[in-house]
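Encoded as structure tokens, the structure appears first; notes follow it.
The values are calculated or read from the model by the stated rules, or taken from the named source; none is laboratory data. Because the structure is predicted, anything quoted here is derived from the model rather than measured. Note that each Cβ is placed from the backbone with ideal geometry, even for glycine, and that neighbours are counted across all protein chains shown. For the accessible areas, the whole protein counts, side chains as well, though only heavy atoms, and no ligand, DNA or RNA atoms are used. Shrake-Rupley method; radii C 1.70, N 1.55, O 1.52, S 1.80 Å.
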Amino acid sequence: MEGIEPSLVPELLVTDLDQSLEFWCGVCGFAVAYARPEERFAYIALGSAHLMLEQVGVGRNWITGPLERPLGRGVNLQITVPNTEALVQALGRRGVELFMQPETKWYGVGEEEAGVHQFLVQDPDGYLVRFQSSLGRRPAVQS
């Protein structure tokens, strides 16, 4: 987990840090970079994707309104992984339901299209996560 620190690191308030760590690290492949157990806080990373997890009610929580499930409404976190299929299988073995089944999608990027294989899942608190693997780029389809 050495290298350039990301300029944006979301901090997710969670209801049960242990449950969140099991999802993010035990199933999705993140690793704990460092933790402050007395504050129920963990900084986790998977490649260049970094997140902070902090349990509600312990330490300093910056809360701007009622915390109602699902948490993080209106936001999805896109995380690039090498193999979405392996992750779908790992989630299935744990009985985790997907929010959106895997799909292949091509998105316009200027004169090209960027292809991804992607799916969506909610973490234990309802944060919406879009895991994707790159399929590369191709010339844009002209209509």
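So which residues in the stretch 34-70 are of a type in the set (K, R) and modelled with pLDDT of 85 or more, if there are any at all?
Listed by number, the residues that qualify are R36, R40, R69.
Quick one: in the stretch 71-89, which of the residues that are in a loop (DSSP other than H, G, I, E, B) and surrounded by 14 or more Cβ atoms within 10 Å (Cβ to Cβ) is modelled with the highest pLDDT?
The extreme case among them is V81.
If you take just the strands (runs of 3 or more DSSP E) that sit entirely in the stretch 19-70, which of them hold at least 3 residues that are open to solvent by less than 30 Å² (accessible area, probe 1.4 Å)?
Qualifying strands (runs of 3 or more DSSP E): 41-46, 49-55.
What tally of residues in the stretch 91-143 results from selecting those that are in contact with a Pro (Cβ under 8 Å, 6 or more places away or on another chain) and of a type in the set (A, V, I, L, M)?
The number of residues fulfilling the criteria is 1.
Kindly check whether there is at least one residue in the stretch 91-108 that is within 18 Å of the chain's Cα centre (by Cα), among the polar types (S, T, N, Q) and surrounded by 12 or more Cβ atoms within 10 Å (Cβ to Cβ).
No.
Collect the residues in the stretch 16-45 that are hydrophobic (A, V, I, L, M, F, W, C) and in contact with a helix residue (DSSP H, G or I) (Cβ under 8 Å, 6 or more places away or on another chain), keeping them in residue-number order.
Answer for the stretch 16-45, where residues must be hydrophobic (A, V, I, L, M, F, W, C) and in contact with a helix residue (DSSP H, G or I) (Cβ under 8 Å, 6 or more places away or on another chain): V27, C28, F30, A31, V32, F41, A42, I44.
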